[in-house]
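Just below is one structure, and these are the notes that go with it.
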Amino acid sequence: MKRLILVSVVLLLLLSALAGCARKKEQATPLPAGALPADAMAIAQERGLTPDDIAAALKTYMPSGKWDEYYLFSSGGHSGNLIVIGVPSMRILKNIAVFTPEAWQGYGYGDKATEEILDAGNVGDVKIRMGDSHHPALSETNGDYDGQWVFINDKANARVAVIDLRDFRTKQIVKDPNIISNHGSTFVTPNTEYVIQGTQYATPLGWDYAPLSEYKEKYRGVITLWKFDREKGRIVPEESFSIEVPPYWQDLCDAGKLASDGWAFCNSFNTELFTGGNMQGNPQFESGVSQRDMDYLHIFNWRKAAEVVAAGKYEVINGMRVIRLPTAAAEGILFFAPEPKSPHGVDVTPDGQYVVVSGKLDPHVTVYSMAKIEKAIADRNWTLDDYGVPVLNYDAVMHVQVELGLGPLHTQFDGQGYAYTSLFLDSAIARWKLGGDDPAAWTLVEKTPVHYNVGHIAAAEGDTVNPDGKYLVALNKWAVDRFLPVGPLLPQNLQLLDISGSPVKLIYDMPMGIGEPHYAQMIKADKLKPLNVYPQVGWDAIEWKPSPYATKKGEERIERNGNHVTIYSTSIRSHITPDRVELKKGDHVTWHITNVETAHDAVHGFQLGGQNISLSIEPGATVTFEFVASQDGTYAYYCTEFCSALHLEMMGYMLVEP
Ligand code: CUK
Ligand code: CUA
């Protein structure tokens with residue numbers, strides 16, 4: 001009970017810290033005379049800019065036509081998408097539709113291929129058209145981003161999506177058949193062999209019904225290793241597998257690399273096995289799951305797990321191969337290490353030697369040594385938890401704790417031996433030194449205020465074996481007073497920090513009026529080679545091959561077979577052919593449109609009023625949609641991209657005869 005009261009007090013403190021998050025206006029230092037050419041000086045003086053403001057402007061201003069140095073791929077949170085931003089200018093370049101339909105990209109508004117992608121993520125017979133995207137993961141080769149693919153999870157429905165960076169389009173959504181929410185997702189193994197995904201809220205496998213009184217016996221989590229086939233550019237569910245884990249509410253995960261290659265790590269935060277009941281006289285969830293001093297860092301050997309699956313030691317549950325919990329414990333696949341309660345982020349250092357765990361309720365980060373973990377495993381220096389999983393001796397595996405400040409959440413790295421940790425309650429970024437063998441050498445260096453209540457941070461290639469340093473983006477949860485007011489729902493505030501020197505400098509505020517970003521990853525722009533137009537006219541962008549429905553100019557036609565009508569169309573500046581389509585009420589229509597253009601940016605859109613159809617037909621692409629002409633009448637369809645001076649004329653009539 002005492003502990004519960006303590007927890008409630010801590011939580012109250014958290015809340016008051018949130019409400020009062022520091023909002024001091026910095027004092028402006030005047031610009032020394034002669035610091036700038038006279039005309040620039042006049043602007044700076046008129047706008048009241050400080051030398052720091054001017055330096056920040058010079059670092060982030062991107063002259064017209066110049067390209068940014070990095071791409072930032074930011075989750076769009078509950079907007080269910082993935083947002084592409086240029087760094088350092090912080091200009092939004094694209095909002096890639098992933099889990100949510102998006103009309104401009106023609107995603108989920110008739111385009112058959114995109115409807116099929118979305119439908120693959122349906123839950124039973126419920127069409128899911130939303131998502132809570134959290135963690136993008138760029139594909140890696142030898143632990144470094146390779147710029148080919150990016151993956152992202154949907155926490156709300158336990159799904160993972162594959163996005164192709166040749167054309168920045170979503171190509172696949174997979175649904176985990178055994179869990180209903182994920183969070184430790186997505187993280188790739190160093191050569192993108194697997195995309196890692198962990199459960200968040202435990203349920204019986206397959207989210208079958210079982211009363212909460214049977215939580216301990218029946219509820220479970222899984223860690224799923226989705227096999228990625230680079231050749232096909234697809235996750236292959238038949239080659240994927242899950243590892244059953246106790247219902248401890250797994251949180252974030254990270255893959256090992258170099259010294260920890262073959263391993264992966266996930267936090268957990270409900271080893272209490274608490275199940276709520278705030279109307280039945282039980283404590284609130286936030287107290288109930290925070291009673292024990294320690295939760296468990298999950299340490300698992302995915303390479304060994306793959307061998308165990310190959311040896312046939314699994315059960316197929318709802319179509320997925322699952323290594324059951326006793327097998328995982330017995331085969332040396334799964335270990336726990338105690339970690340200070342209610343941890344959030346877990347991040348592996350660039351050399352793979354250390355695992356950094358941040359606890360929301362602990363001002364320290366706790367650093368584990370991979371060498372010590374391996375030694376403790378070899379020495380069998382463990383006790384068993386209630387499920388028979390070895391719990392390694394904390395003192396044997398914990399390397400050092402570094403006190404950083406209030407509410408540490410997530411950690412990134414630069415190439416200079418520094419780590420950066422977001423401090424949610426302090427609204428600051430801590431820069432601290434990775435010390436190596438000597439625990440005394442791990443020290444806090446400086447703290448930089450951000451605005452406000454920072455969640456994830458993303459440094460340039462900051463979670464790879466080879467971080468770039470240079471820039472760091474703070475993805476802040478609260479914006480409060482930073483921007484012009486827009487009503488009670490405020491934009492997200494992404495802040496850019498220059499981490500190339502000391503002290504760290506805040507150089508840009510970027511309001512983003514889309515969803516809530518969680519994690520983001522930043523990749524050097526020259527690693528990406530997106531194409532300008534599809535490889536040939538009549539291209540199927542999802543299957544990545546010529547479309548069987550490609551239509552050449554002059555070969556447009558309408559074919560009727562009973563009440564099935566098939567239309568083969570083309571679009572080119574400034575007409576759609578055919579521009580007259582005559583149907584009968586009840587006709588089943590299959591309509592293919594090929595954009596026969598090969599010019600860069602010569603995109604034609606297509607919207608058909610009254611039918612909920614919106615397509616994007618990019619240069620060279622063939623797109624198909626189907627509908628039933630269930631209502632007679634006269635309809636207009638037209639191009640939605642202002643593609644030429646005669647764009648408004650790019651239309652057609654569809655007549656549906658009663
Ligand atoms: S979580 Cu959102 S701030 Cu989903 Cu990675 Cu930590
Ligand atoms: Cu094509 Cu407007």
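The values are calculated or read from the model by the stated rules, or taken from the named source; none is laboratory data. Quantities reported herein were computed from a predicted structural model and do not represent experimental measurements. Every residue, glycine as well, gets a Cβ built from its backbone with ideal geometry; the counts of neighbours run over all protein chains shown.
Taking region 623-642 as the range and being in a loop (DSSP other than H, G, I, E, B) and near ligand 2 (Cβ under 9 Å from one of its atoms) as the test, the residues that pass are Cys639, Thr640, Glu641, Phe642.
Could you go through region 253-273 and let me know if any residue there is of a type in the set (Asp, Glu), assigned to a loop (DSSP other than H, G, I, E, B), farther than 22 Å from Tyr215 by Cα and modelled with pLDDT of 95 or more.
Within region 253-273 (the criterion being of a type in the set (Asp, Glu), assigned to a loop (DSSP other than H, G, I, E, B), farther than 22 Å from Tyr215 by Cα and modelled with pLDDT of 95 or more), the answer is yes, since at least one residue qualifies.
Whenever a residue of region 596-607 is farther than 19 Å from Pro546 by Cβ and in the same structural domain as Cys643 (by TED's automatic domain parsing), its partners that are among the polar types (S, T, N, Q) and not in a strand (DSSP E or B), lying with C-beta atoms within less than 6 angstrom and at least six residues away or across chains, give the pairs His600/Asn532; Gly605/Thr640; Gln607/Thr640.
When only residues in region 226-271 that are in contact with an Asp or Glu (Cβ under 6 Å, 6 or more places away or on another chain) and among the charged types (D, E, K, R) count, which is nearest to Ala541 (Cα to Cα)? This residue is Lys227. For region 183-227, give me each residue that is modelled with pLDDT under 95 and assigned to a loop (DSSP other than H, G, I, E, B). Passing the criteria: none in range.
Considering Thr203, Thr189, which residue is touching a residue at least 24 places away in the same chain (Cβ under 8 Å), β-branched (Val, Ile, Thr) and within 22 Å of Phe285 (Cβ to Cβ)?
Thr203
A count restricted to region 147-179 and to residues that are over 14 Å from the mean Cα position of the chain (by Cα) and closer than 22 Å to Trp302 by Cα stands at 6.
Every test in (1) within 23 Å of Glu115 (Cβ to Cβ); (2) within 14 Å of ligand 2 (Cβ to nearest atom) is passed by Gly620 save one, and that test is (2). Only one of the numbered conditions (1) buried (at least 19 other Cβ atoms within 10 Å of the Cβ); (2) hydroxyl-bearing (Ser, Thr, Tyr); (3) within 16 Å of ligand 1 (Cβ to nearest atom) is not met by Tyr194, and that is (3).
Is it the case, given these coordinates, that Asn612 is surrounded by 20 or more Cβ atoms within 10 Å (Cβ to Cβ) and more than 16 Å from ligand 1 (Cβ to nearest atom)?
Details: surrounded by 20 or more Cβ atoms within 10 Å (Cβ to Cβ): no; more than 16 Å from ligand 1 (Cβ to nearest atom): yes.
Spelling it out, it is not the case that Asn612 is surrounded by 20 or more Cβ atoms within 10 Å (Cβ to Cβ) and more than 16 Å from ligand 1 (Cβ to nearest atom).
Among the residues of region 557-573, just one is over 15 Å from Gly538 (Cα atoms) and touching a Cys at 6+ places or on another chain (Cβ under 7 Å), namely Arg573. Within region 161-182, the presence of a residue that is of a type outside the set (Phe, Trp, Tyr), assigned by TED's automatic domain parsing to the domain that holds Thr349, on the phi > 0 side of the Ramachandran plot and outside any loop (DSSP other than H, G, I, E, B) is excluded.
Might you check whether a residue that is part of a loop (DSSP other than H, G, I, E, B), within 9 Å of ligand 2 (Cβ to nearest atom) and either touching a His at 6+ places or on another chain (Cβ under 8 Å) or modelled with pLDDT under 95 (or both) occurs anywhere in region 643-651? Full working, then the answer.
Our first condition is that a residue be part of a loop (DSSP other than H, G, I, E, B); within region 643-651, this holds for 643-646, 650.
Narrowing the set further to residues that are within 9 Å of ligand 2 (Cβ to nearest atom) leaves 643-644, 646, 650.
This time we only want the ones that are either touching a His at 6+ places or on another chain (Cβ under 8 Å) or modelled with pLDDT under 95 (or both), so: 643, 650.
Checked against the condition, which is being part of a loop (DSSP other than H, G, I, E, B), within 9 Å of ligand 2 (Cβ to nearest atom) and either touching a His at 6+ places or on another chain (Cβ under 8 Å) or modelled with pLDDT under 95 (or both), region 643-651 yields at least one hit.
Among the residues of region 567-615, which ones are small (Gly, Ala, Ser) and within 11 Å of ligand 2 (Cβ to nearest atom)? Matches in region 567-615: Ser571, Ser574, Ala602, Gly605.
Would you mind telling me which numbered condition in (1) within 16 Å of ligand 1 (Cβ to nearest atom); (2) among the β-branched types (Val, Ile, Thr); (3) farther than 23 Å from Asp261 by Cα Thr383 fails? With respect to (1) within 16 Å of ligand 1 (Cβ to nearest atom); (2) among the β-branched types (Val, Ile, Thr); (3) farther than 23 Å from Asp261 by Cα, Thr383 is out only on (1).
Of all residues in region 49-103, those satisfying the criterion of being of a type in the set (A, V, I, L, M, F, W, C) and assigned to a strand (DSSP E or B) are Leu72, Phe73, Leu82, Ile83, Val84, Ile85, Val87, Ile92, Leu93, Ile96, Ala97. Of the residues making up region 330-351, those that are surrounded by 20 or more Cβ atoms within 10 Å (Cβ to Cβ) and more than 14 Å from ligand 1 (Cβ to nearest atom) are Ile333, Leu334, Phe335, Phe336, Ala337, Pro338, Glu339, Pro340, Lys341, Val348, Thr349, Pro350. For region 129-185, the set of residues classified as hydroxyl-bearing (Ser, Thr, Tyr) and either in contact (Cβ under 8 Å) with a residue 60 or more places away in the chain or crowded, with 24+ Cβ neighbours inside 10 Å (or both) consists of Ser133, Ser139, Tyr145, Thr170, Ser185, listed by residue number.
Here is a check on your reading of the model: is Arg380 assigned to a strand (DSSP E or B) and either surrounded by fewer than 21 Cβ atoms within 10 Å (Cβ to Cβ) or basic (Lys, Arg) (or both)? No, not satisfied.
Note on region 89-115: residues that are over 29 Å from His456 (Cα atoms) and without any contact (Cβ under 8 Å) to a residue 60 or more places away in the chain amount to 2.
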